[in-house]
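See structure below.
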Amino acid sequence: MSTPAVLVLVHAFPFGAAMWRRQLTAFPGWRVVAPPLPGFDGHPRLPQPTIDAYARDLLETLDRTGIDRAVFLGLSMGGYTLFGVLRQAAERVQGLILADTRTSVDSPDRRTARERSIQLARTVGPSAIADEMIPNILGTTTRSSRPEVVADVRAMIESQPAETIAAGLEAMMTRPDSAPVLDRITVPTTIIVGDEDTVTPVSDAEFMHRAVRGSTLVTIPSSGHMTNLETPDAFDDAVRASLAQWRR
Ligand code: MLT
C-alpha cells in the first residue's frame, strides 16, 4: 500500500465529531479529520436520509476538503456509512477500520423500536434518547465504574437536535445488507469490538473478520459499544498498530 496520509473518522449515532476529540491528536504523522454526517454538529440535514446518502455527503465533504484517498475508520453507524462509501467509491479507500459495527439489516422488531424512538425524539427530545441508549451502548464495566464517560456520552447525545436524531434513526432502519461488500474488500482491514458490546456483538465482528480476506480482529476487554470512549487507550493502540503496519 502506498503511504497513506489521511485518516477519516466517521462517527456513531447520535454523536458528532466530538466523540473523536481524543483520536484527533492520537496518531502523529497523520492528518486526522472527523467530518460530521448530515444534520450532526450543524451540518445541513438531507431531505431523504439514507445511509448511502450519508456516504455520498461524506465523499462530497472530502472533495471540498481536497481529500481524494484515505484510511477510513467508522464506528457503528460510521461503519454502516463506510459500507456505503465502499459501494460508491471503493477506489478512495486505502485502508479500513471497522469498529463496533455490522453488515446486517435491522430485524422487524428493531425497526419497530426505531419507529418508537423517532416518536420519542420528536415528542420528548434528545434526553429521552440518551436515557434509552446509555444502558445499551455502554458496557457494564463503564456503567458501573466510569461515571465520567457516562456523563460525557449523555452530554454528546443531548447536544444533537431532535430532528437529526430522527433522521439518523430513519437512515439506519432502511440501510441495505452490506454483507456483499465484504468479499470485495481488498485493502488492509482491522475490525475492533468491545467484548461487552451488546449492540453489535463480538459475533458480528467475527462474521466480518471471516469474510474480509487478511483482516485483523481486535477484541477490547471491559468495553461496550463505544470502544473509543470507554477504553480509549486500548482503542488508540489498536488503531496505531494498524496504521504503523500499513504505512511500512
Ligand atoms: C450507533 O452506535 O451508531 C448506533 O447505536 C447503531 C445502531 O443503533 O444500529
Rounded, prolate or oblate for the stretch 61-208? Axes are the square roots of the Cα gyration tensor eigenvalues, ordered a ≥ b ≥ c, and the cut-off for rounded is a/c under 1.5. prolate
Residues in the stretch 129-154 that a label on residue 116 would reach, taking backbone N under 15 Å of a point 7 Å out along Cα→Cβ: 129-136
Which number do you get for Rg(Cα) / (2.2 N^0.38 Å) in the chain? 0.93
Out of residues 5 or more away from residue 190 or on other chains, whose amide H comes under 5 Å of its own, with H placed 1.01 Å from N in the peptide plane? 96, 97, 98, 216
Between residue 45 and residue 237, what is 0.36 nm times their sequence separation minus the Cα-Cα distance? Round to one decimal in nm. 65.7 nm
Please list, in chain and number order, the residues 5+ apart from residue 220 or on another chain whose amide H is under 5 Å from its amide H, with Hs placed from the backbone. 193, 194, 195
For Cα pairs less than 8 Å apart in space and 6+ apart in sequence, what is the mean separation divided by the residue count of the stretch 137-225, i.e. the relative contact order in percent? 40 percent
Taking Cα atoms only, helix 202-211 is inclined relative to the longest principal axis of the chain by an angle, in degrees rounded to 10, of 30 degrees
Using the alpha-carbon atoms, what tilt in degrees (0 to 90, nearest 10) does helix 108-123 show relative to the longest principal axis of the chain? 60 degrees
Table column - 3J(HN,Hα) (Hz), the stretch 95-101, Karplus curve with 6.51, -1.76, 1.60, x for Gly and Pro: x, 9, 10, 10, 10, 6, 9
Give me the extension gain from residue 213 to residue 140: residue separation times 0.36 nm, minus the current Cα-Cα distance, reported in nm with one decimal. 23.1 nm
Under 5 Å between amide H atoms, partner at least 5 residues away or on a different chain: which partners does residue 45 have, H built in plane at 1.01 Å? 39
Given the C-alpha centroids of the stretch 44-63 and the stretch 22-36, what is the distance between them in whole angstrom? 21 Å
Relative to the longest principal axis of the C-alpha atoms of the chain, give the angle of the C-alpha long axis of helix 51-65, reported between 0 and 90° and rounded to the nearest 10°. 60 degrees
Say each of residue 91 and residue 247 gets a label point 7 Å from the Cα, pointing the same way as Cα to Cβ; how far apart are those two points in nm? 2.7 nm
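Just so you know, all these numbers are worked out from the coordinates, no wet-lab data involved. As the structure is a computational prediction, the values presented were derived from the model and not from experiment. A quick note on method: Cβ atoms are made from the backbone with ideal geometry, for glycine too, and the neighbour counts reach across all protein chains shown.
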